[in-house]
1. Look at the range 77-99 and say how many of its residues are buried (at least 18 other Cβ atoms within 10 Å of the Cβ) and under 30 Å from residue 152 (Cβ atoms).
2. Within the range 100-108, identify whether any single residue is under 26 Å from residue 187 (Cβ atoms), in contact with a Gly (Cβ under 6 Å, 6 or more places away or on another chain), aliphatic (A, V, I, L, M) and open to solvent by less than 10 Å² (accessible area, probe 1.4 Å), and answer yes or no.
3. Could you list all residues from the range 117-133 that are open to solvent by less than 50 Å² (accessible area, probe 1.4 Å) and among the charged types (D, E, K, R)?
4. Filter the range 134-153 down to the residues that are open to solvent by 40 Å² or more (accessible area, probe 1.4 Å) and either touching a residue at least 60 places away in the same chain (Cβ under 8 Å) or under 14 Å from the mean Cα position of the chain (by Cα) (or both) and list them by number.
5. Could you please give the count of residues in the range 158-197 that are out of contact with any Ser or Thr (no Cβ under 6 Å at 6 or more places or on another chain), charged (D, E, K, R) and touching a residue at least 60 places away in the same chain (Cβ under 8 Å)?
6. Of the residues 142, 158, 173, only one is over 23 Å from residue 107 (Cα atoms) and among the acidic types (Asp, Glu); which?
7. Considering only the range 64-75, state which residues are open to solvent by 20 Å² or more (accessible area, probe 1.4 Å) and touching a residue at least 24 places away in the same chain (Cβ under 8 Å).
8. Across the range 169-216, what is the number of residues that are crowded, with 16+ Cβ neighbours inside 10 Å and hydroxyl-bearing (Ser, Thr, Tyr)?
Amino acid sequence: LPAQPVTGRRTPRGARFAGAGAEPEPVAATPVEPRVEQMDAADRREVVEAVETLVRLRGEGRSGEAHALLVEAAYWPAERIPLLAAEMRHAGLAADWATVLWEAASLPAERLVAAADALTAAGRAEDGEQILRQGVGRPAHEIGQAVVALAGDGRHREVRALLDAYVRVRTPEEAARSAAPDPKTLVPLLLAAAQGVSDECQWDLVHALRVAGHTA
């Protein structure tokens with residue numbers, strides 16, 4: 001399958017994603033340093049060997065096998081992702097890297113944020129923002145459930161990163177629908193994220209929440 005990089009509005013892909021809004025402003029940096037694990041030698045060797053295999057598969061026209069490897073790589077531990085990005089770009093596999101970003105956007109919320117953290121910490125903030133933007137394109141109730149789970153585990157920085165991207169990408173009405181799984185928890189979190197974007201974003205969300213039957 002071909003890579004499907006995102007620019008502006010895009011066509012939803014199956015049940016994983018709902019229609020996202022127009023291209024947002026860059027995601028604001030969180031004030032808390034992300035936790036990024038370090039790779040060991042075995043991780044580094046596997047990344048390098050995978051990229052060498054991709055180059056060989058592309059050279060032999062074995063696109064199906066190459067795509068399967070890209071999907072597998074998207075689900076690797078977050079600490080491998082920055083080196084994978086560097087090795088793929090060095091090997092001239094920019095289109096394949098776009099596929100990795102696309103596939104990684106379907107990771108569970110905690111792993112999605114971890115991958116974005118790793119890329120940002122390695123100086124690839126644009127890629128990290130792209131993963132978050134694509135990841136929050138999933139249905140509103142899934143975002144709400146993911147945020148409730150993260151908040152319940154005390155993962156407040158991850159919650160902020162996810163919701164910051166979410167309120168920038170999705171419409172106020174979509175954001176309001178995400179509060180349904182647990183309005184008591186989610187409404188304040190959503191409003192705090194919107195306030196961090198702009199006064200207009202906050203007031204639009206307040207209105208959408210009221211229409212949806214939720215109050216702060």
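1. 5
2. Yes: one or more hits.
3. Step one: list which residues in the range 117-133 are open to solvent by less than 50 Å² (accessible area, probe 1.4 Å), which gives 117-119, 125, 127-133.
If the condition is that a residue be open to solvent by less than 50 Å² (accessible area, probe 1.4 Å) and among the charged types (D, E, K, R), then 117, 127, 129, 133 are the ones that fit.
4. Within the range 134-153, just 142 meets the criteria.
5. Counting residues in the range 158-197 that are out of contact with any Ser or Thr (no Cβ under 6 Å at 6 or more places or on another chain), charged (D, E, K, R) and touching a residue at least 60 places away in the same chain (Cβ under 8 Å) gives 4.
6. Details: 142 fails: over 23 Å from residue 107 (Cα atoms); 158 fails: over 23 Å from residue 107 (Cα atoms).
Being over 23 Å from residue 107 (Cα atoms) and among the acidic types (Asp, Glu) holds for just one of 142, 158, 173, which is 173.
7. Across the range 64-75, the qualifying residues are 67, 71, 75.
8. Here the count works out to 3.
The values are calculated or read from the model by the stated rules, or taken from the named source; none is laboratory data. Everything numeric here is computed off the predicted structure, so don't read it as measured data. All Cβ positions, glycine included, derive from the backbone under ideal geometry; neighbour counts span all protein chains shown. Side chains are part of the model used for accessible areas, which takes the heavy atoms of the whole protein and leaves out ligands, DNA and RNA. Shrake-Rupley method; radii C 1.70, N 1.55, O 1.52, S 1.80 Å.
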